[in-house]
Amino acid sequence: PAGYRSFEGNDISDQEQVKRILKRHKPVLSEVFRSVEGYDAVDAEYPVFTPDGRFIGSLSVMFKPEIFLGNVIAPLVKRTALDMRVLEQGGRILYDADPKRIGLNVITSPMDPSDEEQVMPTQKILKTPKGEGVFRLKKKTAAGGGVAKKIYWLSVGLYGTDWRIVGIHQE
């Protein structure tokens, strides 16, 4: 689009997903990276070959993961008691019902004490492709005690990149 013409001709050969497709000639889904346009994005690269099988480049589809995932997830959980979160393998939040958490790495940079309490469950989620569990936040409720949350998760992957889809239900 016209608003992005100023970015044409930028050298993106140092981006990890570009290096991978040029080396392997196989489809790639990147981790989140800072695009030359100045925003955090995910890039799906698909190789293009001539009719005789010679690699000539790739088709790239770049997107903001929080918008893509929000358009899919939000309508599914609307009017339910379920919160959803999507994590990259390193702990970065790609999607969360709370927009302030998007982009946060739960493992390395918790925002508040409840995030710090989520480090242990998040580490388990990242190590285990599928599962469920209960974790208790220390903050007190009117009835006393903490807040118990039931979590369910599973992995989804594309082109060698896995994300964890996490459902969180307050008990």
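The values are calculated or read from the model by the stated rules, or taken from the named source; none is laboratory data. Everything numeric in this text was worked out from a predicted model, so none of it was measured. Please note: Cβ atoms are built from the backbone with ideal geometry, for glycine as well, and neighbour counts cover all protein chains shown. Surface areas here come from the heavy atoms of the whole protein model, side chains and all, with no ligands, DNA or RNA. Shrake-Rupley method; radii C 1.70, N 1.55, O 1.52, S 1.80 Å.
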### Task
Six or more apart or on different chains, Cβ under 8 Å: which pairs go from a residue in the stretch 4-19 that's under 13 Å from S60 (Cβ atoms) to one that's open to solvent by less than 90 Å² (accessible area, probe 1.4 Å) and in a helix (DSSP H, G or I)? Could you list them?
I12/V18
### Task
Go through (1) open to solvent by less than 90 Å² (accessible area, probe 1.4 Å); (2) at negative phi and name the single condition G38 misses.
(2)
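This table checks each residue for (1) in contact (Cβ under 8 Å) with a residue 40 or more places away in the chain; (2) under 19 Å from V18 (Cα atoms); (3) among the charged types (D, E, K, R).
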{"position": "A44", "(1), (2), (3)": "yes, yes, no"}
{"position": "R54", "(1), (2), (3)": "no, yes, yes"}
{"position": "K64", "(1), (2), (3)": "no, yes, yes"}
{"position": "F68", "(1), (2), (3)": "no, no, no"}
{"position": "T80", "(1), (2), (3)": "no, no, no"}
{"position": "V86", "(1), (2), (3)": "yes, no, no"}
### Query
For T122, all conditions in the list (1) open to solvent by 60 Å² or more (accessible area, probe 1.4 Å); (2) modelled with pLDDT under 90; (3) within 16 Å of the chain's Cα centre (by Cα) hold save one; what is the number of the exception?
(1)
### Task
Collect the residues in the stretch 45-69 that are open to solvent by less than 40 Å² (accessible area, probe 1.4 Å) and assigned to a loop (DSSP other than H, G, I, E, B), keeping them in residue-number order.
T50
### Task
Take the residues in the stretch 1-35 that are modelled with pLDDT of 95 or more and of a type in the set (A, V, I, L, M, F, W, C), then tell me which one is most open to solvent (accessible area, probe 1.4 Å).
L22
### Task
Out of V72, V106, report the one residue that is among the β-branched types (V, I, T), surrounded by 11 or more Cβ atoms within 10 Å (Cβ to Cβ), under 18 Å from the mean Cα position of the chain (by Cα) and at pLDDT below 90.
V106
## Note on the structure
Residue hits (the stretch 125-135; surrounded by 13 or more Cβ atoms within 10 Å (Cβ to Cβ), farther than 13 Å from I165 by Cα and not small (G, A, S)) are F135
### Message
For the stretch 75-98, give me each residue that is within 19 Å of Q170 (Cα to Cα) and surrounded by fewer than 19 Cβ atoms within 10 Å (Cβ to Cβ).
### Response
L76, V77, K78, R79, T80, A81, L82, D83, A97, D98
### Message
Going by what's in this entry, would V42 be described as at pLDDT 95 or above, touching a Gly at 6+ places or on another chain (Cβ under 9 Å), outside any loop (DSSP other than H, G, I, E, B) and aliphatic (A, V, I, L, M)?
### Response
no
